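Okay, so here's the structure we're looking at.
Just so it is clear, none of the values below were taken in a lab; they were calculated from the coordinates. As the structure is a computational prediction, the values presented were derived from the model and not from experiment. Note: ideal-geometry Cβ built from the backbone for every residue, glycine included; neighbour counts use all protein chains shown.
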Amino acid sequence: MDQENYEKAFSFSGKAAELGNPEAQYNLGVFFEQGVYVKKDKKQAEFWYEKAAKQGHLNAINNLNILR
């Protein structure tokens, strides 16, 4: 994402998130919350933040609390 190649970042994050990677799940939450590369979708953001939060990802926990 730092290089602003959002298509690749979204694709790789999606693959890693499906495999259970909490950082990737958090990243997908950010994509959906902020509407980066995808349409803003609060429900999808919550879904991915929750998956990451259940694995102890602190930023996901914080973002989830803010969304709710």
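Couple of notes before you dig in:
- 0 to 90° range, to nearest 10: angle between helix 42-53 axis and the chain longest Cα axis: 70 degrees
- Karplus-derived 3J(HN,Hα), 6.51/-1.76/1.60, for each residue of the stretch 5-21, Hz, glycine and proline x: 9, 5, 4, 5, 4, 5, 4, 5, 4, x, 5, 5, 5, 5, 7, x, 6
- Approximating the spin labels as points 7 Å out from Cα along Cα→Cβ, the LYS43-to-SER11 distance works out to 2.8 nm.
- Degrees, to the nearest 10: 22-34 long Cα axis against longest axis of the chain: 80 degrees
- Acute angle (nearest 10 degrees) that the helix 58-67 long axis makes with the longest principal axis of the chain, alpha-carbon atoms: 80 degrees
- Our summary gives the stretch 6-67 a relative contact order of 27 percent, counting only alpha carbon pairs under 8 angstrom and 6 or more residues apart.
- Candidate values (1) 12.8, 40; (2) 18.2, 57; (3) 10.8, 30, label of the one derived for Rg and Dmax of the Cα atoms in Å: (3)
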